[in-house]
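Colleague: Attaching a single structure in structure tokens format; questions to follow.
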Amino acid sequence: MKLLASALLLCFMFFPVSAVFAGGFWTTYTNGNYIDDIAVYDDYVWCATSGGIVRWNKHDKTYEKFVTVENRPAIFTGVTVDRTGTLWFGSSSAIVSYKDGVWSDQYESNIFGYSTELSLVPDMDNVIWVGDTDTRYGILSINGSTVERYSEQDGLVSNNV
């Protein structure tokens, strides 16, 4: 019994626990230190990280981490803000938006395919342009509910954007 307790103690010392069960609920701890993209809007700095979406308040230096968004892990690689103040986040499985405290699932992975990195930028007409490292898709434009793809067949030098 002592040997088992010692082995468990060593495991917990050298292999950190990423979730804790407390009173019927799991608490998930993620590392938001690896920032993939940053957007600044009003009083906040928004970061797309490997451990969730992190929002820092520039004035009081507090932060809030969103570990899940729309019932999916919040591991997003791109973030931008459009002309209306809507924040857009891109991941390998979806594009989501955030406006006035409300998250909205915009597009599922079947539209975008699998991509490890997404870069997002709005243009002057508020069309969201998505650069995609998946070599099948190239560039996507999102204009309301309309999604268009641009690839090598449309004149891009490479689909890897």
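Colleague: First select every other residue whose beta carbon is under 15 angstrom from the beta carbon of ASP43; then total the charges, Lys and Arg +1, Asp and Glu -1.
Modeller: My count for the surroundings of ASP43 gives -1.
Colleague: Rounded to the nearest 0.05, what FRET efficiency is calculated for LYS58 and ASP154 with R0 set to 30 Å and r the Cβ-Cβ distance?
Modeller: 0.15
Colleague: Next up: Which value, in Å² and to the nearest 10, is the accessible area of TYR150 when all protein chains are kept and the probe is 1.4 Å?
Modeller: About 70 Å², rounded to the nearest 10.
Colleague: So, one more: To the nearest 0.05, what FRET efficiency results for SER141 and THR68 with a Förster distance of 45 Å applied to their C-beta separation?
Modeller: E(calc), rounded to 0.05, equals 0.95.
The values are calculated or read from the model by the stated rules, or taken from the named source; none is laboratory data. The model shown is predicted, which means the values in this text are computed figures rather than measured ones. Backbone-built Cβ (ideal geometry, glycine too); neighbour counts: all protein chains shown. To get the accessible areas, we keep the full protein, side chains included, count just its heavy atoms, and leave off ligands, DNA and RNA. Shrake-Rupley method; radii C 1.70, N 1.55, O 1.52, S 1.80 Å.
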